[in-house]
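Peer 1: Shown below is the structure under consideration.
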Amino acid sequence: CLTFHNFWFDNSNYYYLIFGMRYSHQRNVIREIISSTKSHPTADWIYSEAKKKINNISLGTVYRNLKTLEEIGAIQIIYDENLIRYDGNTEEHHHLKCSECGVLIDTNIKSNFDEKDIVSKYNFKPEKTKFFIIGKCNKHK
């Protein structure tokens, strides 16, 4: 099975062709920054890292490229209370969140719910399931 990450890393120029967009060095650097960390960074952190590689990149360029990367499925957006964080792991997964330091940890815990039950009880059609399990990490037990 060819995952998005394998396809992107091995065939990044072809992936841009599939979505009808030109290759962008800035977009590729931003995607690499996000994919190289498990810290679920904010746009400001991504911007500061991108500045180290592309001196004249602007915060606006970072935001525009984050939006594009999310739209094509190259990254995920995580809404963490009043923060927006970015995740290079595009596989279906959830997060553990430390209530002390705020660290997010990827987990493969599956959510089990009956979609038909949600539709009938709440007249709501689920598209994705995202949740945090909040507790204390090893540093704060």
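Peer 1: Taking the residues in the stretch 108-126 that are under 19 Å from the mean Cα position of the chain (by Cα) and not hydroxyl-bearing (Ser, Thr, Tyr) as candidates, determine which candidate is modelled with the lowest pLDDT.
Peer 2: Within the stretch 108-126, the subset under 19 Å from the mean Cα position of the chain (by Cα) is 108-111.
The next check asks that each one be not hydroxyl-bearing (Ser, Thr, Tyr); those that pass are 108-110.
Values: Asn108: 88, Ile109: 85, Lys110: 79.
Checked the stretch 108-126; the qualifying residue modelled with the lowest pLDDT is Lys110.
Peer 1: Sticking with this one: Go through (1) of a type in the set (Val, Ile, Thr); (2) touching a strand residue (DSSP E or B) at 6+ places or on another chain (Cβ under 8 Å); (3) closer than 13 Å to Ile34 by Cβ for Val103 and report which single condition fails.
Peer 2: (3) is the only condition that Val103 fails.
Peer 1: Among Ile105, Ile78, which is the only one that is at negative phi and over 11 Å from the mean Cα position of the chain (by Cα)?
Peer 2: Working: Ile78 fails: over 11 Å from the mean Cα position of the chain (by Cα).
Matching residue, one of Ile105, Ile78: Ile105.
Peer 1: Residues of the stretch 127-141 being more than 15 Å from the chain's Cα centre (by Cα) and touching a residue at least 12 places away in the same chain (Cβ under 8 Å), which ones? Reasoning before the result, please.
Peer 2: We begin by selecting, within the stretch 127-141, every residue more than 15 Å from the chain's Cα centre (by Cα); these are 127, 133-141.
If the condition is that a residue be more than 15 Å from the chain's Cα centre (by Cα) and touching a residue at least 12 places away in the same chain (Cβ under 8 Å), then Ile133, Ile134, Gly135, Lys136, Cys137, Lys139, His140 are the ones that fit.
The values are calculated or read from the model by the stated rules, or taken from the named source; none is laboratory data. What you see is a predicted model; the values in this text were computed from it and never measured. All Cβ positions, glycine included, derive from the backbone under ideal geometry; neighbour counts span all protein chains shown.
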